[in-house]
Amino acid sequence: MTWTPVCRFTDLLAERGVAALIGDAQVAVFRLHDDRVRAIGNRDPVSGAHVLSRGVVGSRGDRPVVASPMHKQAYDLDTGECLDADARVPVFPVRVRGGVVEVGTA
Amino acid sequence: MPPVPGHDARGCFVYRTLDDLEALREYANGRSTGIVVGGGLLGLEAANALRLLGLRTSVVEFAPHLMPMQLDPAGGAMLRRRIEELDIAVHTGTGVTAIGADGERLRVDTAGELALDTDLVVFAAGVRPRDDLARAADLAVGERGGVLVDDALRTSDPTVFAIGECAAVEGRCYGLVAPGYAMADVVVDRLLGGEATFGGADTSTKLKLLGVDVASFGRTTGALDVVYADPANGLYAKLALTDDARTLLGGILVGDASAYGALRAAVGGPVPGRLADFLSTGAPDVALPGDAQVCSCNNVTKDQVLAAIGDGCGDVPAVKACTRAGTTCGSCVPLLKSLLAEAGVAQSKALCEHFAYSRQELFDLVRVRGIRTFSALVSAHGTGRGCDICKPTVASILASLGNGHVLDGEQAALQDTNDHFLANIQRDGTYSVVPRIPGGEITPERLIVIGEVARDFGLYTKITGGQRIDLLGARVEQLPEIWRRLVAAGFESGHAYGKALRTVKSCVGSTWCRYGVQDSVGLAVALELRYRGLRAPHKIKSAVSGCARECAEARSKDFGIIATEQGWNLYVGGNGGFRPRHADLFLSDVDTDTLVRTVDRFLMYYIRTADRLQRTAAWIEGLDGGLDHLRAVIVDDRLGLCADLDAAMARHVASHTDEWRDVLEDPVKLRRFVSFINAPSTPDPSISFGSERGQPVPLVSLGPRA
């Protein structure tokens, strides 16, 4: 596991995402309302565009989700599972160390 | 086509297939007069088509009155009055005997003294079933055409069935869709070994011809006929009753057919209410009997709809899926809604899983309680953390109530991607940029700036329907640089990304146009600047036309203004899109101050009370009392709201700032416009462009839906 620093925690807006480039991988990093952070693949598998970091963050039941800005399918930020279509996005480990957000890649 | 000598001359058409209409339209171009042979349903439709093609139009009907299949002489006469008001000449009781060609002109001779000179002739009479296949196969055909079938719908070859318009059931053809479906049911039953027969079909019809409602149902004459005629308003109604006046047999309605549903359902039983009510003022409020047909296309009764509701269908889509009612022409959908309400099914007004309130209720909560953040609202009045439905809705409400910039503080996180980046997302994840061009008026210098910006950033350019210019293919990190150039040249945000006022389109008006009677451009610019940035439940479009020719297409807008010699006419509730609708006349011949004050109130009342993503047309339709209610509230001030609405609009006008200029001046907001937070100026490597007709277009190697 390689941890790559991508930004300071305070660069993140609560309940919003940012995109990060780690090698060739595009990762969408989100800060939840309770300051947990989550990271998933930035590519919307339904439209094929790299846009998930720009979706609205919220909840479906107890699950934290982001809605694709393209056609609004919701993705579980814990599991990467799409709740409205047969699709899935990769989930990345993410942590905050000394105020810096780090994303883990294999 | 009837066997009239000369019917195949150049300039003679039939009115049957799309190709026929295409050829007719082409031929009509640049010509001035047309004659329709046939004054039935098809003929009047054809007459309307010619009228819309700009031709001076006449109709020639063989029978003594129009629509002889559906109407009696008096009903036909009333329809004729209404049609003649549209400058269509009507000749009845005369048959066409020959068509003569004289160069480019045609001469239509009739059995009487009438002879008409014309550019083209449309035959909409003597329609015959297309039975060529049956004839080729040596099947028996009817005396007047059509594949002859018995009441089991078998042709003369018992292994072959025929249904629909081509079938002559014991000699009679049916040109409507409902009998076709009924025939299909019979054949299915027969194929499964059943004994079903086709016992004729309900040929009741209700239609709008040339803007006039016409309906006929059941028998159009009985032992006792009750008639109402009002030539001043072009109304005619006739109910056919049994001699004891207790049983309704059928009837005819011209000019107002709103009682059709209730009356047709009552055929065979007593008139459902006071006779006089039906005859003079349209449909009184009566409950339909259970066996009343709700959907005539698919033959679904009220009882069947209620049974589906009882089985758990909780909304219109569920009822449609379960019963097929409303799935063909859709005209019974409002009735389905009222049946749901009648059955006591509460149509949930909840916005989403996070709020049990409608948008209007949330608006009032936010306004009355002075709530300024989503977090405060959801913790006090909702559950969970919101979603892509409620967050942008609350963002819009907060913006409508004037809570500063849409990207201030927590509001930024609520915005849908378009409002978040103040641009419109495209299929490849790039954005489009639309600078405001008020009224569609632009100087050569500014046009050049747009061209230069597009060229320098490699953007695709296209003129929009709202008289401005769309620049497509901008990556998120390019947006601030693009806007720096545009703002420096005097442009501001066009709010194409927002549920907000888009444009006020205009024609050139009295300044240039020789027909214009008012300065439509001046008014359009003033209105667009007044309402720019106004956040609403949905987008709002407007237009101003400088004369009655209506070149700005104002009646297809949420609010449209058409100049008159005396001032302005205001129309409200129009839209294009999926379900086009013409706006309705709301004010006539008013001065500019009255016009603007009324539009202020119209918009503010809409913003306060409409549902999420509800355009003004649906909003007005949903108001209890419709347009009259709206007039009572915003013209007569019956609810005492006007001062409040006026003040709210005054605050909006006073507080306007350009959203893009504000972003450029705010380093915190600017920081969000990066491709990658750890590589802010590295373009998204997945975005690439090809070229089409000399412009960049997205290369979608993306595999949509893959």
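Quick notes on this one:
- Placing a label point 7 Å from the Cα of B:Ala137 along the Cα-to-Cβ direction, the residues of segment B:167-204 whose backbone N falls under 16 Å from that point are B:167-169, B:184, B:187-188, B:191.
- Using a Förster distance of 41 Å, the FRET efficiency for A:Trp3-B:Glu361 (Cβ separation, nearest 0.05): 0.30
- Shielding by partners for peptide A:11-21, expressed as the average number of C-beta atoms from other protein chains within 10 Å of each residue's C-beta, is 6.
- Calculated from the alpha-carbon coordinates, segment B:118-157 shows an Rg and a Dmax of 14.2, 47 Å respectively.
- The ellipsoid that matches the Cα gyration tensor of segment A:1-64 has semi-axes, each √(5λ) in whole angstrom, of 18, 17, 10, with the longest given first.
- Rounded to the nearest 500, the helix-only mean residue ellipticity at 222 nm of chain B stands at -9500 deg cm²/dmol, with each DSSP H run of n ≥ 4 adding -39,500 (n - 2.57).
- Rounded to whole Å, the principal axis extents of the Cα atoms in the protein assembly as shown read 97, 70, 59, largest first.
- Look at the stretch B:679-691: the mean tally of other chain Cβ atoms within 10 Å of its residues' Cβ atoms is 2.
- B:Arg10 versus B:Ser691: modelled label distance in nm, points set 7 Å from Cα along the beta carbon direction: 4.6 nm
- Placing +1 on the Cβ of every Lys and Arg and -1 on the Cβ of every Asp and Glu, with nothing else charged, gives segment B:425-488 a dipole about its Cα centre of roughly 100 debye.
- Here the 3J(HN,Hα) profile of segment B:636-648, calculated from phi with Karplus coefficients 6.51, -1.76 and 1.60 at θ = phi - 60°, is 8, 6, 5, 9, x, 8, 4, 4, 5, 5, 4, 5, 4 Hz, Gly and Pro shown as x.
- Working ranking of peptides B:88-95, B:163-170, B:5-12 by packing, defined as the average number of other Cβ atoms within 10 Å per residue, highest first, is B:163-170, B:88-95, B:5-12.
- Estimated FRET transfer efficiency (B:Thr511, B:Leu585; beta-carbon r; R0 22 Å; 0.05): 0.30
- Above 18 Å, the calculated P(r) of segment B:425-488 contains 31 percent of its Cα-Cα pairs.
- Cβ-Cβ distance of B:Arg661 and B:Arg455, R₀ of 22 Å, FRET efficiency by 1/(1 + (r/R0)^6): the value works out to about 0.45.
- The mean count of C-beta atoms from other chains within 10 Å of the C-beta of residues in A:39-50, rounded to a whole number, is 5.
- Across segment B:12-123, Cα pairs under 8 Å and at least six residues apart give a relative contact order of 29 percent.
- In nm, spacing of pseudo-spin labels at B:Leu207 and B:Asp151 (7 Å Cα→C-beta vector): 2.9 nm
- Relative contact order [Cα under 8 Å, 6+ residues apart], chain B, whole percent: 6 percent
- Calculated from backbone phi, Karplus (6.51, -1.76, 1.60) coupling profile of segment B:475-484 in Hz, x at Gly/Pro: 7, 4, 6, 8, 4, x, 5, 4, 6, 4
- Each residue, B:Gln566 and A:Arg97, gets one label point 7 Å from its Cα in the Cβ direction; the gap between the two is 8.0 nm.
- Peptide packing: for B:48-58, B:499-509, the average count of neighbouring Cβ atoms within 10 Å per residue gives the ranking B:499-509, B:48-58, highest mean first.
- In plain terms, the chain from B:Ala98 to B:Phe578 could stretch by 168.3 nm, reckoned as 0.36 nm per residue minus the Cα-Cα distance.
- Mean sequence separation of contacting Cα pairs (under 8 Å, at least six apart), scaled by the length of segment A:2-101, corresponds to a relative contact order of 24 percent.
- Computed lengthening from B:Asp311 to B:Asp244, 0.36 nm per intervening residue step minus Cα-Cα distance: 20.0 nm
- Remark: B:Ile450, B:Ile83, B:Ile561, A:Ile22 ranked as A:Ile22, B:Ile450, B:Ile83, B:Ile561, counting other beta-carbon atoms within 10 Å and listing the fewest first.
- Over all other residues within a Cβ to Cβ distance under 10 Å of B:Thr33, the charged ones net out to +1, with Lys and Arg as +1 and Asp and Glu as -1.
- The phi-based Karplus calculation (6.51 cos²θ - 1.76 cosθ + 1.60; θ = phi - 60°) puts the 3J(HN,Hα) values of segment B:363-374 at 4, 5, 4, 4, 6, 6, 7, x, 6, 10, 9, 5 Hz, whole numbers, x for Gly and Pro.
All of the numbers you see were taken from the coordinates with simple rules; none came from a lab. All of these numbers come straight from a predicted model, not from anything done at the bench. No Cβ is skipped: glycine too gets one built from the backbone with ideal geometry, and neighbour counts run over all protein chains shown.
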